[in-house]
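The values are calculated or read from the model by the stated rules, or taken from the named source; none is laboratory data. From a predicted model like this one, the values you see are computed outputs, not experimental measurements. All Cβ positions, even for glycine, are placed from backbone atoms using ideal geometry, and neighbour counts span all protein chains on display.
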Amino acid sequence: MNVTERLLSSHLVDEDTTSDEIALRIDQTLTQDSTGTMCYMQLEALGVDRVRTELSVAYVDHNTLQTGPLNAMDHKYLRTVAARHDIWFSPPGNGICHQIHLEQFASPGKTLLGSDSHTPTCGAVGMLALGAGGMEVAAAMAGAPLWIKRPKVTGVRLSGALEPWVSAKDVALYLLGLLGVTGGVGSVVEYLGEGVSTLDIYQRATICNMGAELGAVSSVFPSDERTREFLRSRGREQDWVSLTPAISASYDSLYNVELDRLVPMVAMHGSPDNVLPVSEVAGRRVDQVIIGSCTNSSYRDVATAARMFEGKRVHPDVEVALVPGSRRILSKLAASGALSALINAGVRILESACGPCIGMGLSPGSGAVSLRTFNRNFPGRSGTPDAEVWLSGVEVAVASAISGVITDPRQQVAPPPVIQDHPEGEHILYPPCRSAEVVRGPNIKPFPVADPPGETLRAQVIAVLGDNVSTDDIMPSHSTLLPYRSNIPALAEHCLEAASPGFSKRARDAGTGIIVAGDNYGQGSSREHAALAPLHLGIRAVLARSFARIHRTNLINNGIIPLVYDADPPSQGDLLEIRGLRALIARSTSVEVHNLSTGEQIPAHLLLTAREREVLLAGGYLNWVKRTVSTLQ
């Protein structure tokens, strides 16, 4: 077996051979605050007294900007609900969930389910780490298994070693340029080969983190001696197990990447797969540079930046900021003197949180070019609709911050710094501490739950959208809206506001609606708010060419029907009807959608497993999973 197959087989608890859907035991869960409030409300709705995982952690790293009482009250809810249900708690300012979990809890051979699409970061240590909607994470905490379609395994064989000034981020960007944002759909991307041993855990974490932009189910590295060294440095050598592929292991597809032939890369504005070598765009103006995010905020990354800035100054025309991945990393920067080098160079030091990556502050100016070491550059995600966001590794970002233009770091005269992590220092985490009281602020509103479908669905087309519509497009995420993540009625007013202006009003006026979209609908984050907000507005089905994995699951889990079609799309405002709906959901794969406005028939497909049919007929996952959880009491 390969590593992925070993992980799957050791956690398999059930299997539907007719649909190739499998159920996996989940060892650990993580949530972050922008998805966590909803997740814990769903856990409470399941009626479970204590979590049944080996470990569950609630992180606060997204909504840390407290410009009013809303975020602070949500933080208090998360702290008290964590205490109520035996969950570890990481407070605001402690750091980014993926960085902390990697160092503190990630273990080879274990499974991790997180309500964040970049949870696969922990695949760096040989862990099967999966992003999911909050409802699935709540169910896992309640003791239910995770059901997924058995993934294919895409092998990436690494050979050689990275040349000076070429980084792990360049490996990830190279693969995105090669495979595209849908290149990993339905697959776990597994890294193998002699080149693996040349990469440390933080480099592997960067590559696994960016696997989410490939649309991959997860990404995973073997657990080898470098993994053992990493765990030893964190005082957790007892968690190490060897986990490597058999010599005869096979893969559904296999790509070869020669590390020593890679060059510094950059993803141009619009999409993470809009990739070119830096040398081809060198000289392009830069207005802002930000270093950090869950992709590139390890001590290795930020200390590399500090070393490059030593004795230099930020270009006068460029705004530069750095986001350390955790309070521990910030402390080590201060202790080593690296923090002084950054401050003296003119770099702004931000709180250890997601911050600008999710549009929570430091938005660029109108029309500006912002070069970031982040993982996503969807239009508008920065908080400035007409800004350009480019992605790169730390080395490219710092070289460009100093010169004022996109710069190939290989032009540096001095050799690249070699940074080793400082293992000393601890994160601030609060272990489970039983408390009965859960404090709910006025911003926490009940989440919508779909009714079981009727025999006929008659709904108006509220929006007709194109390809690669992201969850950022569906439910925007920025400093104004993030405080309302536990308030679906308030969020819903902004649903699809940029991609389809007036959407929320049209949906309310129609009462019952359908969204029509192109390929890869719902790419991006795991936020189930991109399903909950449309549900609140009366959306009962989405007709798309294809769906991104997590969002498709979120639709089903919230009782919204995902229909796949390959015909001319209906027009906005058309009235559509599906007859005999419950029987179709129960048994059929073919669905005839009647366009009552034009008289045309739209052939569609309802591609569901037997379990997904049960979930939709029940009105969503919450109703369905209660039966499973009740058997575990």
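Within region 450-486, being closer than 25 Å to residue 77 by Cα and surrounded by fewer than 18 Cβ atoms within 10 Å (Cβ to Cβ) holds for one residue alone: 480. Filtering region 370-383 for residues that are under 28 Å from residue 539 (Cα atoms), in a loop (DSSP other than H, G, I, E, B) and without any contact (Cβ under 8 Å) to a residue 40 or more places away in the chain leaves a non-empty set. Being assigned to a loop (DSSP other than H, G, I, E, B) and among the aliphatic types (A, V, I, L, M) is the filter here; which residues of region 360-369 pass it? Selection gives 360, 362, 368.
Whenever a residue of region 487-501 is farther than 20 Å from residue 449 by Cα, its partners that are acidic (Asp, Glu) and in a helix (DSSP H, G or I), lying with C-beta atoms within less than 6 angstrom and at least six residues away or across chains, give the pairs 499/473.
Please pick out the residue among 286, 241 that is in the same structural domain as residue 166 (by TED's automatic domain parsing) and either more than 20 Å from residue 381 (Cβ to Cβ) or over 25 Å from the mean Cα position of the chain (by Cα) (or both).
On the way: 286 fails: in the same structural domain as residue 166 (by TED's automatic domain parsing).
Checking each option against the conditions leaves just 241.
Is it the case that residue 109 is small (Gly, Ala, Ser), touching a residue at least 12 places away in the same chain (Cβ under 8 Å) and assigned to a strand (DSSP E or B)? So residue 109 does not fit the description; no. Checking each residue in region 510-533 for being in a loop (DSSP other than H, G, I, E, B), of a type in the set (Gly, Ala, Ser) and surrounded by fewer than 24 Cβ atoms within 10 Å (Cβ to Cβ) picks out 511, 518. Taking the criterion of being within 19 Å of residue 204 (Cα to Cα), touching a residue at least 40 places away in the same chain (Cβ under 8 Å) and among the acidic types (Asp, Glu), the residues of region 232-272 that qualify are 239, 258, 260.
Here residue 414 qualifies as hydrophobic (A, V, I, L, M, F, W, C), without any contact (Cβ under 8 Å) to a residue 12 or more places away in the chain and either closer than 25 Å to residue 94 by Cβ or out of contact with any strand residue (DSSP E or B) (no Cβ under 9 Å at 6 or more places or on another chain) (or both).
Of all residue pairs spaced 6 or more apart or on separate chains, those with beta-carbon atoms under 7 Å, a first member in region 455-469 that is assigned to a strand (DSSP E or B) and modelled with pLDDT of 95 or more and a second member that is crowded, with 19+ Cβ neighbours inside 10 Å and charged (D, E, K, R) are 457/540; 459/540; 461/574; 462/506.
Of all residues in region 613-626, those being hydroxyl-bearing (Ser, Thr, Tyr) and either part of a loop (DSSP other than H, G, I, E, B) or farther than 12 Å from residue 451 by Cα (or both) number 0. When region 78-93 is filtered for residues that are in contact with a His (Cβ under 9 Å, 6 or more places away or on another chain) and surrounded by 24 or more Cβ atoms within 10 Å (Cβ to Cβ), only 90 remains.
For region 315-359, the set of residues classified as closer than 26 Å to residue 272 by Cα, small (Gly, Ala, Ser) and assigned to a loop (DSSP other than H, G, I, E, B) consists of 325, 352, 353, 359, listed by residue number. Contact map, region 298-312: residues that are in contact (Cβ under 8 Å) with a residue 12 or more places away in the chain and under 14 Å from residue 331 (Cα atoms) paired with residues that are in a helix (DSSP H, G or I) and basic (Lys, Arg), Cβ distance under 6 Å, separation 6+ or inter-chain. Pairs shown: 299/332. Looking only at region 159-203, residues that are small (Gly, Ala, Ser) and more than 25 Å from the chain's Cα centre (by Cα) come to 6 in all.
Of the strands (runs of 3 or more DSSP E) that lie entirely inside region 571-612, those containing 1 or more residues that are among the small types (Gly, Ala, Ser) and surrounded by 16 or more Cβ atoms within 10 Å (Cβ to Cβ) span 601-605.
Please verify whether region 198-208 includes one or more residues that are of a type in the set (A, V, I, L, M), within 21 Å of residue 546 (Cβ to Cβ) and assigned to a helix (DSSP H, G or I). The answer is no; no qualifying residue exists.
Within region 427-449, none of the residues are touching a residue at least 12 places away in the same chain (Cβ under 8 Å), polar (S, T, N, Q), surrounded by 14 or more Cβ atoms within 10 Å (Cβ to Cβ) and not in a loop (DSSP other than H, G, I, E, B).
Condition (residue is among the β-branched types (Val, Ile, Thr) and touching a Lys or Arg at 6+ places or on another chain (Cβ under 6 Å)) applied to region 74-84: is it met by at least one residue? Within region 74-84 (the criterion being among the β-branched types (Val, Ile, Thr) and touching a Lys or Arg at 6+ places or on another chain (Cβ under 6 Å)), the answer is no, since none of the residues qualifies.
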